[in-house]
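Have a look at the structure below before the remarks.
The values are calculated or read from the model by the stated rules, or taken from the named source; none is laboratory data. These numbers were taken from a predicted model, which means no experiment stands behind them. Ideal geometry is used to build each Cβ from the backbone, glycine not excepted, and the neighbour counts take in all protein chains shown.
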Amino acid sequence: MATADASSPIRLEIRDDKIAVMTFDTPGKPVNTFNQANLEALEGCVGQIEKQTDLRGAILRSGKEGNFIAGADLNELMAAVGTDKNLVRTFCQRGHDLFTRISRLPFPTVAVIDGMCVGGGLECAMAFDYRIVSTNPRTELGAPEVKIGIIPGWGGTQRLPRLVGIDQALEMNCGGDSIKAEKAVDIDLAFEMVPAEELLDEGVRVINMAHETGEWKEDRERREQPMGLSDDNMMFNFNVFRGFILGKTKGQYPAPLKAIDAMERGCNLPLQDGLKEEINAIIPLIGSDISRNLIGIFFMDQAVRKDTGVDDRSVKGRPVKQVGVLGGGLMGAGIAFSHIRKDFGTILCDISDELVEAGMKRVVGPMESRIKIGRMAPQEMVASLTKLRATTDKIAMKNCDLIIEAIVEREDVKVSTFKEMEGILGENAIIASNTSTISITRMAKDLKRPDKFVGMHYFSPVDRMQLVEVIRGEKTSDETVVTVVKQAQAIGKKPIVVNDCAGFLVNRVLLPYMNEAVLLVEEGVDMEKLDKLVTKFGMPMGPVTLADMVGLDVAKFAGGVLAEAYSDRAQPAQLVPKLVEMGRLGQKSDAGFMAYESKRGKKRGKPDGVVAKLVDEIGRRQSDVPDDETILDRLFLSMLAEACRLLEENIVRKHEDVDFGLIFGIGFPPFRGGLLRWADTIGAQTAVDKLAKLAPLGKRFEAPEMLKEMAKSGKSFYK
Ligand code: NAI
């Protein structure tokens with residue numbers, strides 16, 4: 001066996017049976033990506049085997065366990081390609097040329113895939129005659145490019161449909177979600193699935209088989225040709241899918257539509273012409289504002305995954321094996337569910353047998369729904385439930401390493417429960433509160449171990465919302481923070497650490513916006529129009545619908561806490577308490593701002609005149625209602641001003657956390673990159689000018705010093 005330079009990212013070995021084995025193994029990196037150096041190395045390697053006339057086959061594998069190739073290097077892509085259209089063209093053409101050469105090697109080729117095979121990694125693998133995947137649960141194949149605002153640009157829009165058919169290709173290229181190894185075999189993206197340790201031998205066997213059958217030559221030829229879809233088939237597939245995507249993205253995300261264009265234009269052309277269509281489709285996307293914003297979120301996400309939650313990297317957290325959840329209500333059940341799904345032994349505690357039973361039902365419910373739609377196997381539910389114990393007896397939690405409290409939002413009840421738990425738990429156990437409004441520092445005052453007390457603010461519904469705000473009280477220790485951050489990461493959440501203040505990060509920024517929306521309604525702005533305007537801006541729902549969904553009693557309570565804490569600038573709206581007084585609590589009571597009717601399992605709201613009457617009573621209706629621009633300015637600049645204030649008070653550790661928290665906590669439109677990135681696009685000076693115009697409305701619109709400074713110096717949050 002001949003071997004090549006071991007320090008190269010691609011090691012080439014020629015076996016005695018004349019099969020070339022290329023091992024992709026970037027030195028010093030945990031994953032393989034296509035950066036310049038690696039791309040060059042693969043080009044060099046392909047150049048070598050192209051020239052060798054005695055080879056019988058080639059295999060590409062990864063030297064990283066559980067990681068095949070993670071795609072192009074995004075840092076390099078951003079820096080090197082930027083917005084220069086010629087560079088984009090050259091960059092894509094380079095990938096096309098390389099993968100075309102691989103697809104034309106004069107012998108059968110196999111990519112053996114263990115672990116993540118996404119983006120450019122999948123495009124590379126698709127240039128091989130066969131793909132064999134491993135049974136490793138980490139093996140996934142996917143085209144996530146649309147998630148960063150671009151489309152596959154190294155052949156993915158053309159090779160994928162030719163391998164798996166147009167339906168599957170549309171789903172994968174436009175949705176961006178990866179598929180598991182088993183599914184890859186089902187849809188013919190992979191030839192077969194074998195244990196990771198057998199991949200190489202199996203690759204050799206498949207090359208030998210290919211020589212016997214000769215089918216690889218016909219398959220190759222076919223994949224170079226137009227797909228030959230009928231007009232009807234084309235019309236149906238592409239138009240239906242385009243409509244579906246437009247409905248889902250409201251036209252705010254151009255990438256999936258461009259992926260459809262590339263596939264539609266290219267699928268009935270010879271492959272090489274299709275690849276040209278792919279380049280035409282990707283050019284406007286790479287370097288666009290939307291793509292930059294989405295890539296920004298991707299990097300923030302990577303940073304959050306690696307963050308320990310404290311600046312001192314030497315601090316280690318304590319191990320957490322057993323978790324206790326106090327309160328089996330909406331939040332507690334969700335928190336317990338999220339833990340047992342990740343195999344953590346969990347004890348759920350409530351105050352009576354009936355409430356314990358109700359809590360258990362809340363845990364089982366989402367699992368049953370998942371089973372119904374095929375997202376969970378019944379045996380997974382059984383396995384998860386073996387991890388759960390439910391009880392009314394707090395002493396049963398004595399060996400827990402972490403207690404997460406999700407009981408009623410009453411400070412006295414919470415504090416006495418914490419004291420009781422301190423008496424039951426071991427010295428090192430941590431108590432975390434899921435409070436949404438109560439000060440962590442204040443609740444820690446009477447505790448024996450305030451260093452082991454922390455806030456863990458989950459969002460509803462817990463099984464779907466990924467953000468967790470970890471709130472540090474004045475005395476919370478670094479060790480406690482690191483432990484709970486790690487624990488939140490271990491159950492698949494995205495934790496950010498914030499300092500204690502009323503509303504913490506997310507609610508402190510959200511509630512001024514919600515309150516402003518109600519003030520606008522009191523001035524006579526139409527509720528439905530307001531919601532529409534905001535969803536057009538990109539929020540997942542309007543503030544009126546959101547208030548009705550959260551519950552007006554909850555909104556009133558939280559709003560009250562914030563109004564008291566920030567009384568210098570608060571101007572509480574009157575509508576919410578009035579509606580609560582009338583028993584209109586939102587969707588849960590079938591009436592809030594709107595009146596609700598259930599249609600096909602969904603609640604649909606319509607104004608029923610009650611709010612209009614209350615607005616008359618309040619007497620703030622304006623003859624000239626604010627125009628659309630002013631409405632949006634009032635809503636989003638009130639958010640921005642509050643975000644600047646909390647940055648000035650060092651509530652967050654870095655400004656990126658504001659954007660991250662709002663995107664994952666309230667669905668601030670990802671294509672805008674977050675509140676602060678949005679502010680950067682309008683510019684600090686414009687924001688200050690707009691705030692000056694709104695200042696007569698109240699102190700809440702006073703431009704924060706930070707923003708004024710930025711306007712003066714021409715700085716932005718991200719530059
Ligand atoms: P919930 O009313 O649905 O559930 C509370 C549960 O705690 C009830 O089952 C109750 O019987 C139980 N409980 C009360 N005292 C207890 C005690 N001493 N020991 C054990 N169990 C006890 O309330 P929900 O909505 O689950 O909220 C719980 C906590 O989470 C509150 O602090 C709330 O502010 C917070 N939160 C709520 C969010 C939401 O969207 N509902 C979002 C984020 C935080």
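Within region 535-553, the set of residues being more than 16 Å from the ligand (Cβ to nearest atom), in contact (Cβ under 8 Å) with a residue 40 or more places away in the chain and not in a helix (DSSP H, G or I) comprises G538, M539. Here the strands (runs of 3 or more DSSP E) wholly within region 430-495 that include at least 3 residues being within 27 Å of the chain's Cα centre (by Cα) and under 18 Å from G324 (Cα atoms) are 453-458. Suppose we keep only residues that are within 16 Å of the ligand (Cβ to nearest atom) and surrounded by fewer than 19 Cβ atoms within 10 Å (Cβ to Cβ) within region 321-333. Which one would you say is nearest to E656 (Cα to Cα)? So the residue we want is L330. Just checking, how many residues over region 454-479 are touching an Asp or Glu at 6+ places or on another chain (Cβ under 9 Å), of a type outside the set (S, T, N, Q) and more than 9 Å from the ligand (Cβ to nearest atom)? Result for region 454-479: 9. State whether one or more residues within region 506-520 are within 16 Å of the ligand (Cβ to nearest atom), in contact with a strand residue (DSSP E or B) (Cβ under 8 Å, 6 or more places away or on another chain) and either of a type in the set (A, V, I, L, M, F, W, C) or not assigned by TED's automatic domain parsing to the domain that holds L646 (or both). Yes, region 506-520 contains a residue that is within 16 Å of the ligand (Cβ to nearest atom), in contact with a strand residue (DSSP E or B) (Cβ under 8 Å, 6 or more places away or on another chain) and either of a type in the set (A, V, I, L, M, F, W, C) or not assigned by TED's automatic domain parsing to the domain that holds L646 (or both). The criterion of being at pLDDT below 95, basic (K, R) and out of contact with any Phe, Trp or Tyr (no Cβ under 6 Å at 6 or more places or on another chain) holds for K85. The residues in region 621-670 that are surrounded by fewer than 19 Cβ atoms within 10 Å (Cβ to Cβ), among the hydrophobic types (A, V, I, L, M, F, W, C) and assigned to a helix (DSSP H, G or I) can be counted, and the count is 1. Residues of region 521-568 that are surrounded by 21 or more Cβ atoms within 10 Å (Cβ to Cβ), in contact with a strand residue (DSSP E or B) (Cβ under 7 Å, 6 or more places away or on another chain) and aliphatic (A, V, I, L, M): A547, L552. From the list R362, R318, the one residue that fits, being within 16 Å of the ligand (Cβ to nearest atom) and either assigned by TED's automatic domain parsing to the domain that holds V415 or more than 15 Å from R464 (Cβ to Cβ) (or both), is R362. Considering region 422-442, the residues that are surrounded by fewer than 21 Cβ atoms within 10 Å (Cβ to Cβ) and not polar (S, T, N, Q) include one that is farthest from the ligand (Cβ to nearest atom), namely E427. Residues in region 5-19: is at least one polar (S, T, N, Q) and either at pLDDT 90 or above or not assigned by TED's automatic domain parsing to the domain that holds I282 (or both)? Among the residues of region 5-19, not one is polar (S, T, N, Q) and either at pLDDT 90 or above or not assigned by TED's automatic domain parsing to the domain that holds I282 (or both), which makes the answer no. Annotation: of all residues in region 334-346 being free of Cβ contacts under 8 Å to residues at least 60 places away in the same chain and buried (at least 19 other Cβ atoms within 10 Å of the Cβ), the one that is farthest from the ligand (Cβ to nearest atom) is I340. Taking first residues from region 513-528 that are in contact (Cβ under 8 Å) with a residue 40 or more places away in the chain and partners that are among the polar types (S, T, N, Q) and buried (at least 22 other Cβ atoms within 10 Å of the Cβ), the Cβ contacts under 6 Å between residues at least 6 apart in sequence or on separate chains come to Y513/S638; E516/S638. The one condition from (1) in contact (Cβ under 8 Å) with a residue 60 or more places away in the chain; (2) not in a helix (DSSP H, G or I) that E278 does not meet is (2). Within region 209-250, the residues that satisfy the criterion of being over 14 Å from C267 (Cα atoms) and in contact (Cβ under 8 Å) with a residue 24 or more places away in the chain are A210, H211, W216, D219, R220, F241, I245, K250. In region 383-421, the residue that is nearest to I440 (Cα to Cα) out of those that are away from the ligand (no atom under 12 Å from the Cβ), part of a loop (DSSP other than H, G, I, E, B) and touching a residue at least 12 places away in the same chain (Cβ under 8 Å) is D401. Evaluation of V482 against the conditions (1) within 16 Å of the ligand (Cβ to nearest atom); (2) modelled with pLDDT of 95 or more shows that the sole unmet condition is (1). Going through (1) part of a helix (DSSP H, G or I); (2) of a type outside the set (V, I, T); (3) more than 22 Å from Q487 (Cα to Cα) one by one, M376 falls short only on (1). Taking (1) within 16 Å of the ligand (Cβ to nearest atom); (2) under 20 Å from L467 (Cα atoms); (3) free of Cβ contacts under 8 Å to residues at least 60 places away in the same chain in turn, C349 satisfies each apart from (2). With free of Cβ contacts under 8 Å to residues at least 40 places away in the same chain and within 14 Å of the ligand (Cβ to nearest atom) as the only criterion, which of K556, K532 stands out? The unique qualifying residue is K556. From the list Q571, Q587, the lone residue that is touching a residue at least 12 places away in the same chain (Cβ under 8 Å) and surrounded by 18 or more Cβ atoms within 10 Å (Cβ to Cβ) is Q587. Looking across region 191-249, the residues that are β-branched (V, I, T) and closer than 26 Å to A58 by Cα come down to V194, V204, V206, I207, T213.
Of the set (1) more than 16 Å from the ligand (Cβ to nearest atom); (2) within 26 Å of V652 (Cβ to Cβ), all apply to I282 but (2).
Taking the conditions (1) under 26 Å from F344 (Cβ atoms); (2) touching a Lys or Arg at 6+ places or on another chain (Cβ under 6 Å); (3) among the small types (G, A, S) in turn, G524 satisfies each one other than (1). Residue count for region 213-234, restricted to those that are loosely packed, with under 12 Cβ neighbours inside 10 Å and farther than 26 Å from F99 by Cβ: 3.
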